[in-house]
1. In peptide B:34-40, what is the residue-averaged number of other protein chain Cβ atoms found within 10 Å of each Cβ?
2. Mind checking A:45-58 for the average number of partner chain beta-carbons within 10 Å of each residue's beta-carbon?
3. Once the other residues with Cβ under 14 Å from the Cβ of residue A:271 are scored (Lys, Arg +1; Asp, Glu -1), what is the net sum?
4. Going through the DSSP H helices of chain A, which span 18 Å or more along their own axis at the Cα atoms while scoring at least -1.0 as a mean Kyte-Doolittle hydropathy?
5. Let me have the relative contact order for chain A, percent, based on Cα pairs under 8 Å that are six or more residues apart.
6. Label the protein assembly as shown by shape, choosing from rounded, prolate and oblate, from the square roots a ≥ b ≥ c of the eigenvalues of the Cα gyration tensor; if a/c is under 1.5 it is rounded, and otherwise prolate applies when a/b is larger than b/c, oblate when it is not.
7. Among all the lysines, which ones have a C-alpha under 26 Å from residue B:97's C-alpha, if same-chain residues fewer than 8 places away are not counted?
8. Return the subset of A:313/A:342; A:79/A:325; A:51/B:30; A:79/B:63 for which the Cα-Cα distance in this structure is over 28 Å, preserving the input order.
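All of the numbers you see were taken from the coordinates with simple rules; none came from a lab. All values derive from a computational prediction rather than experimental measurement. Every residue, glycine as well, gets a Cβ built from its backbone with ideal geometry; the counts of neighbours run over all protein chains shown.
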Amino acid sequence: MEERGWLESLVNGLVQPLYDAVPWIVHLVPLLWILVLVAVSVLILIWAERKVSADIQSRVGPLHHGPIGVFQSVWDALKLLTKEDTIPRQADRLVFCIAPFIAFVPAVLVYVVIPFGKGWIAADLNVGLWYLLSVGSLGVVGVIVAGWASNNKWSLLGGMRAAAQLITYEIPMFLSVVVVIMMAGTLSMDDIVRNQAGGRWSLAPPETPFAGWYCFTIPGLIASVLYLVAALAEVNRQPFDLPEAESELVSGFNTEYSGMRFAIFFLAEFSNTALVAGIAATIFFGGWSSPIVSEGEGIWQIFGDGIVWYFVKITALIYGMMWVKWTLPRVRIDQMLQVAWKGLIPLALINVAIAVAHVAWVGP
Amino acid sequence: MGHVPRTQVSSNPIIAFFQYVWSSLITAAKGLRVTGYNAWLRERVTVAYPKQELDLSLRTRAKHRVLVDDTGDPICIACGQCQRICPDHCILVTRKKVTVTTPEGEEKQVNRPDEFVIDLARCMYCNLCAEVCPVDCLHLTRDFKYSSGDVHTMRIELEGLLRPEPLSEYEANQTDGADDEGGEE
């Protein structure tokens, strides 16, 4: 009781007057949550990336900072913070300096419409999915601009490749998302998840809690595979990491970057990785809806719908992406475009036709 | 249609397209199976050295050791054969005459090393010095932990090479192995 009194006095004395003075301050709370989430998850992801790659190559990975090396990326970040920030003499200074932020800001902004759990959504826009894809695509502008401003041929080539890759892989990605929009009949991320949580129109047995997930419908299954392949290219991960192909372009668009600016590019890349996994989990794999019980009783409550399931799904998808990254070799630039134009886009178009048939005959 | 053998690619372009898609999925899955096996089932090959050590081979050759007799003196007779055979010229032995009392009670003049220096930084651990030693007093042990930031500390005097304690089991094995080596090959 005493603690509650302390909290109440804090709210009455500090938070309430602040809210009265500047009411829009409540909007900063989700923003703060998103920023902290992105920063922490990126640190964990970098560590996880190193551990997963070590696993796959029968090594052990980082070991020494913290239990099984979990604080390794914290120390790496500190190291990057203290490094000298060099700007090439011939670079376009202003553009060079703001490019990392152009890449990073969209990567954070898109988290606004991600439904983490029931009601855990910063802004339930009725054009959520559209906002997500359009704002998410802005990040590549930062990459192109960085390649241009560095005044370095490798950087410029990396930036140009990023542009080509974006233009190419947006199409199969959008076409696979269109399938979900047709089945859900809405663009709101929250409604898409709710449709899946309450649905029962799939190949899965009708009584199961995951019967409504779009990945268990035929067009949804194909679309989820197409989406994940296109998403790998979208976030410049292997086997499609041509904008920063080490063996060809030194380090691609970030060749000239060092210190904190480089770290921000890194942050944007991993934030985008988590994001595409998050989108895939939301639109194909039922978001926060539980595959075991939707409304549990007693001990089963912890397995019910909620934020935990969302993170479980994201973790599984990211593990899959890392697995692919450390397995498949990098494709050549012409192969990359060929995969998209001759492979993914025809498949995605066929899949849209299948989805039309699915919606017409089976119902959404 | 890279992954499908040319003879199996259908002449119908639509069927060929799906063959292409299918073979991409299959080949990707094959690769993922290999790395998945590595990640989950295969043993780690890395040894986290300072915390965890490998069992050294019995024939591991590292720091030298000069055997001593019961009185604590080296049994080396300072013949200088090790110095002569050393390909790296890293051994220096000088001789002095020492009077010792034999178990029978008579006094006897013997050769003993005055200065016996091995520069481990130059040594390539070829074991020639140990093989050539006529009194079998010079051996290469498995003690490899003597790295240093200063190269001059790698120059070991006689005191640093004397090993009064008896041979441990594996060192005895090592010595036998070295003796048998000629016969085996």
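1. Values: counts 2, 11, 4, 1, 7, 13, 2.
Partner-chain Cβ atoms within 10 Å, mean over residues of B:34-40: 6.
2. Details: counts 0, 0, 0, 0, 0, 0, 1, 2, 2, 3, 7, 9, 7, 8.
Mean shielding count: 3.
3. Values: positive: A:237; negative: A:49, A:234, A:269.
Once positives and negatives cancel, what remains is -2.
4. Details: long enough: A:28-56 (41 Å, 1.89); A:93-109 (25 Å, 2.22); A:128-149 (33 Å, 1.71); A:153-184 (45 Å, 1.27); A:218-234 (24 Å, 1.89); A:259-283 (36 Å, 1.39); A:307-325 (27 Å, 1.32); A:345-361 (24 Å, 1.97).
Taking the DSSP H segments of chain A (at least 18 Å long, mean hydropathy at least -1.0), we get A:28-56, A:93-109, A:128-149, A:153-184, A:218-234, A:259-283, A:307-325, A:345-361.
5. Details: 557 pairs, mean separation 75.7, N = 364.
Relative contact order of chain A: 21 percent.
6. Working: a/c = 2.52, a/b = 2.16, b/c = 1.17.
Since a/c reaches 1.5 and a/b is larger than b/c, the shape of the protein assembly as shown is classed as prolate.
7. Once the sequence-local lysines are set aside, what remains near residue B:97 is B:108.
8. Working: A:313/A:342 30 Å; A:79/A:325 26 Å; A:51/B:30 22 Å; A:79/B:63 38 Å.
From A:313/A:342; A:79/A:325; A:51/B:30; A:79/B:63, over 28 Å: A:313/A:342; A:79/B:63.
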